[in-house]
């Protein structure tokens, strides 16, 4: 700006800064033209809005006509501009390999001296395998969460540590830092109590013999002398979803249900007295008799107490409670497929439910409170993948279902569904 001054006698004036013009090492911040009064920046470095002491300068200016003089204070306010890149601090986080989608891993620490809103982005290190993203980063809060749980596999060395490059931007300037996420080991079969479903007893669902889920809703088969139906719950928190219950089993004559499986459209339910697998439309429970697996087929096979069901969409495997065997049928036609059948271990002679990831088949057992593992292709035992359920927790393991990471096990004594770490 320009210092405004006048002299009634018409004398030439001289302008001088007498105070307030030094900072730090004593250098002058501003220059004042002694004849025009024009004030300019002499040293730019001290003009720092982010340093409170440098935000305002009070300059004492003297104007003189050579004989007489007068002084006045002039205020110079430093205004804020976006001249500072955000600051981001590299951090190390850890996450258990059993972590579910949505689990919070940590929060990226960043700040901006200019007070601008920040945006967070992962720019590298967040893909594995098929290129899918492992973690999600909230662009406004910096919260890092699990997006895809499957790659969190401590047993695979390449998946044990992730180095994520994170960029933080104020819209103009940006900075990056590397964040380490270490995957910690979880023992197979570890109880994941936070994922237990404890709402069955209040619902009257006391005998959860069969489980199936689409990843959002969990359908639980109830088999008692008083009620044969399929209850629906929200998988994430166990809340009831009565609108998705299936109440048509008794009317269909499916009065002794034991196992269920669905392809997302049709629901198949076994019956241990009728020696038959009934078919229903999952959306509304309407019967779909054309997709039944007929009683004469199962009886002819010797599959006289059909219990657990699981299918890969082509073959339907059916456990038999009476002879410790898993039978196989073509799902579309019900035709027997003996080449895919196998006998179970001697101590797995009262099998309940089945679940498979397409490679390993897990089978629950009535008498030992244990889940046995077999290679699906040939029925060989895979003891390393057994789930040894403690007797002081799951009293009688019946229904099984898994998302590939958590194995949910129905207990018809404890009237609840327990969650265990299966694998990645």
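Just name the residue that is farthest from residue 176 (Cα to Cα) out of those in the range 128-142 that are modelled with pLDDT of 90 or more and not in a loop (DSSP other than H, G, I, E, B).
As a first pass, look at the range 128-142 and keep what is modelled with pLDDT of 90 or more: 133-142.
Within this subset, residues satisfying the condition of being not in a loop (DSSP other than H, G, I, E, B) are 133, 135-137.
On the way: 133: 19, 135: 17, 136: 17, 137: 14 Å.
Looking at the filtered set, the residue picked out is 133.
Among the numbered conditions (1) buried (at least 17 other Cβ atoms within 10 Å of the Cβ); (2) part of a loop (DSSP other than H, G, I, E, B); (3) more than 53 Å from the chain's Cα centre (by Cα), tell me where residue 10 comes up short.
If we test residue 10 against (1) buried (at least 17 other Cβ atoms within 10 Å of the Cβ); (2) part of a loop (DSSP other than H, G, I, E, B); (3) more than 53 Å from the chain's Cα centre (by Cα), just (1) comes out false.
Of the residues 124, 136, 110, 99, which is over 19 Å from the mean Cα position of the chain (by Cα) and buried (at least 17 other Cβ atoms within 10 Å of the Cβ)?
Working: 124 fails: buried (at least 17 other Cβ atoms within 10 Å of the Cβ); 136 fails: over 19 Å from the mean Cα position of the chain (by Cα); 99 fails: over 19 Å from the mean Cα position of the chain (by Cα).
Criteria check complete, one pass: 110.
Restricting to the range 162-219, what's the tally of residues that are more than 22 Å from the chain's Cα centre (by Cα), part of a strand (DSSP E or B) and farther than 19 Å from residue 413 by Cα?
Of the residues in that region, 6 qualify.
Among the numbered criteria (1) crowded, with 18+ Cβ neighbours inside 10 Å; (2) within 15 Å of residue 179 (Cα to Cα), which single criterion is violated by residue 118?
(2)
Only one residue in 379, 410 is modelled with pLDDT of 90 or more, more than 24 Å from the chain's Cα centre (by Cα) and within 28 Å of residue 293 (Cβ to Cβ), so which one is that?
Details: 410 fails: more than 24 Å from the chain's Cα centre (by Cα).
Sole residue among the options that is modelled with pLDDT of 90 or more, more than 24 Å from the chain's Cα centre (by Cα) and within 28 Å of residue 293 (Cβ to Cβ): 379.
Return yes or no: is residue 1 farther than 25 Å from residue 113 by Cα and loosely packed, with under 12 Cβ neighbours inside 10 Å? Quick ask: steps written out before the conclusion?
Numbers: farther than 25 Å from residue 113 by Cα: yes; loosely packed, with under 12 Cβ neighbours inside 10 Å: yes.
Against the criterion (farther than 25 Å from residue 113 by Cα and loosely packed, with under 12 Cβ neighbours inside 10 Å), residue 1 qualifies.
Identify all residues within the range 214-237 that are out of contact with any helix residue (DSSP H, G or I) (no Cβ under 6 Å at 6 or more places or on another chain), surrounded by fewer than 18 Cβ atoms within 10 Å (Cβ to Cβ) and touching a residue at least 24 places away in the same chain (Cβ under 8 Å); write none if there are none.
214, 215
Per-residue answers, yes or no, for (1) at pLDDT 95 or above; (2) assigned to a strand (DSSP E or B); (3) within 14 Å of residue 278 (Cβ to Cβ); (4) out of contact with any strand residue (DSSP E or B) (no Cβ under 6 Å at 6 or more places or on another chain):
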site: 222; (1), (2), (3), (4): no, yes, no, no
site: 226; (1), (2), (3), (4): no, no, no, yes
site: 229; (1), (2), (3), (4): no, yes, yes, no
site: 233; (1), (2), (3), (4): yes, yes, no, no
site: 243; (1), (2), (3), (4): yes, no, no, yes
site: 250; (1), (2), (3), (4): no, no, yes, no
site: 255; (1), (2), (3), (4): no, no, yes, no
site: 261; (1), (2), (3), (4): yes, yes, yes, no
site: 264; (1), (2), (3), (4): yes, no, no, yes
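Provide a single number: the residues in the range 17-32 that are surrounded by fewer than 16 Cβ atoms within 10 Å (Cβ to Cβ) and either closer than 23 Å to residue 115 by Cβ or in contact with a strand residue (DSSP E or B) (Cβ under 7 Å, 6 or more places away or on another chain) (or both).
The initial filter retains those residues of the range 17-32 that are surrounded by fewer than 16 Cβ atoms within 10 Å (Cβ to Cβ), namely 18-19, 22, 24-28, 31.
From what is left, the residues that are either closer than 23 Å to residue 115 by Cβ or in contact with a strand residue (DSSP E or B) (Cβ under 7 Å, 6 or more places away or on another chain) (or both) are 18-19, 22, 28, 31.
Adding up the residues that qualify gives 5.
Filter the range 43-58 down to the residues that are in a helix (DSSP H, G or I) and surrounded by fewer than 16 Cβ atoms within 10 Å (Cβ to Cβ), then identify the one that is modelled with the lowest pLDDT. Talk me through it step by step, then tell me what you get.
Here is the first cut: in the range 43-58, the residues in a helix (DSSP H, G or I) are 52-54.
From what's left, surrounded by fewer than 16 Cβ atoms within 10 Å (Cβ to Cβ): 52-53.
Numbers: 52: 68, 53: 80.
Filtering first and then ranking leaves 52.
Name the residues in the range 79-96 that are over 21 Å from the mean Cα position of the chain (by Cα), surrounded by 17 or more Cβ atoms within 10 Å (Cβ to Cβ) and assigned to a strand (DSSP E or B), would you? Before you say what the answer is, go through the steps one by one.
Residues of the range 79-96 over 21 Å from the mean Cα position of the chain (by Cα): 79-90.
Still in the running and surrounded by 17 or more Cβ atoms within 10 Å (Cβ to Cβ): 84, 86, 88.
The one that is over 21 Å from the mean Cα position of the chain (by Cα), surrounded by 17 or more Cβ atoms within 10 Å (Cβ to Cβ) and assigned to a strand (DSSP E or B): 88.
The values are calculated or read from the model by the stated rules, or taken from the named source; none is laboratory data. These figures come from a predicted structure and were not determined experimentally. A quick note on method: Cβ atoms are made from the backbone with ideal geometry, for glycine too, and the neighbour counts reach across all protein chains shown.
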